[in-house]
Amino acid sequence: MKIYSWNILFRNRELDRAFEFITESDFDVFCLQEVPEVFLKRLQTLPYSIAFRTERELHVKEGPIENYIVILTKHPITAEGEISHEDYWSLLPLRTRFFIHLMPLFTKIESRKDLYADITFHGKSVRVFNLHLILMHPGLRLKEFETAMAERDASRPTIVCGDFNILEAPHITVLNWLLGGRVSDAALYNRERMHIEKRFVEHELANPLRNAITHPISRSQLDHILVSHTFSIKNASVFPDSIGSDHHPIRVEIE
């Protein structure tokens, strides 16, 4: 099974190239985050099974816009479900609200959801999660990850894809404090990675791309494809071309 995951970036200006990349990729499962509505409509024209949900509502200067989280697969989807997350805005400290107000790259986010789908692959059912964990602070990201993992089905092998927004380099973890965390969340820059990797182990999930950089600005592994121990990992890679996004597509092949 060949699995791809990519945060396409909702402001991606190279959507034609992105569409070509997806259609020419040899995938069994392709998970996408931050999909704009116009691109979702193009994906729906492809001869694949598709599951999607409204991922979030962004409050930008032009008004509220919706992004979508998408699972594409060349195999039958037998069931799907959404994972809803609470609205954290009222819980954020004043420094965070002030920072978001000042910085054009950040915005108020509402109506956040993640997605899972059960896919039949060679006669077996596999549950695939597509997550986009919140860019706030480690405590909220971990809470959202555990909320998603509560939807695991012990009778099915598991694949977990998505942008986890885990910051692990000293130049970027100041965002953990600015976005509502503690000073230690910024100063102890590798603590979140160490903690989340322990949770992966406890959930019996392997992270084949650990230590890879999938987001050059943060110099971190934001993007993940986790697989349960029922699979063996053949190879894993990060594509060199980000194709108009700030994230690089990633790929894992398992058997």
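For segment 100-111, does any single residue satisfy the condition of being among the hydroxyl-bearing types (Ser, Thr, Tyr), open to solvent by 60 Å² or more (accessible area, probe 1.4 Å) and touching a residue at least 24 places away in the same chain (Cβ under 8 Å)?
yes
Conditions first: (1) aromatic (Phe, Trp, Tyr); (2) under 15 Å from Val227 (Cα atoms); (3) open to solvent by 40 Å² or more (accessible area, probe 1.4 Å). Phe145 passes all but one, so which condition is the exception?
Of everything listed in (1) aromatic (Phe, Trp, Tyr); (2) under 15 Å from Val227 (Cα atoms); (3) open to solvent by 40 Å² or more (accessible area, probe 1.4 Å), Phe145 misses just condition (3).
Which one of Ile225, Ile233 is open to solvent by 60 Å² or more (accessible area, probe 1.4 Å) and at pLDDT 95 or above?
Only one candidate passes the filter, namely Ile233.
Would you say Glu202 is in contact (Cβ under 8 Å) with a residue 24 or more places away in the chain, open to solvent by 20 Å² or more (accessible area, probe 1.4 Å) and out of contact with any Gly (no Cβ under 9 Å at 6 or more places or on another chain)?
It is false that Glu202 is in contact (Cβ under 8 Å) with a residue 24 or more places away in the chain, open to solvent by 20 Å² or more (accessible area, probe 1.4 Å) and out of contact with any Gly (no Cβ under 9 Å at 6 or more places or on another chain).
So which residues in segment 174-223 are part of a helix (DSSP H, G or I), among the aromatic types (Phe, Trp, Tyr) and over 19 Å from the mean Cα position of the chain (by Cα)?
Within segment 174-223, Trp177 is the sole residue that qualifies.
Residues are listed down the side, and each one gets a yes or a no for (1) without any contact (Cβ under 8 Å) to a residue 40 or more places away in the chain; (2) open to solvent by 20 Å² or more (accessible area, probe 1.4 Å):
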{"position": "Lys2", "(1), (2)": "no, yes"}
{"position": "Asn7", "(1), (2)": "no, no"}
{"position": "Arg11", "(1), (2)": "yes, yes"}
{"position": "Ile22", "(1), (2)": "no, no"}
{"position": "Phe27", "(1), (2)": "no, no"}
{"position": "Gln33", "(1), (2)": "no, no"}
{"position": "Ile65", "(1), (2)": "no, yes"}
{"position": "Val70", "(1), (2)": "no, no"}
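Could you go through segment 151-158 and let me know if any residue there is within 27 Å of Glu253 (Cα to Cα) and open to solvent by less than 20 Å² (accessible area, probe 1.4 Å).
The answer is yes, given that some residue of segment 151-158 is within 27 Å of Glu253 (Cα to Cα) and open to solvent by less than 20 Å² (accessible area, probe 1.4 Å).
So Thr230 fits all but one of (1) outside any loop (DSSP other than H, G, I, E, B); (2) under 28 Å from Ala150 (Cβ atoms); what number is the exception?
For Thr230, the failing item is (1).
Being in a helix (DSSP H, G or I), at pLDDT 95 or above and at negative phi, is that true of even one residue in segment 48-70?
No, segment 48-70 has no match at all.
The values are calculated or read from the model by the stated rules, or taken from the named source; none is laboratory data. Quantities reported herein were computed from a predicted structural model and do not represent experimental measurements. We place every Cβ from the backbone using ideal geometry, glycine too, and count neighbours over all the protein chains shown. The accessibility values were calculated without ligands, DNA or RNA, using every heavy atom of the protein model including side chains. Shrake-Rupley method; radii C 1.70, N 1.55, O 1.52, S 1.80 Å.
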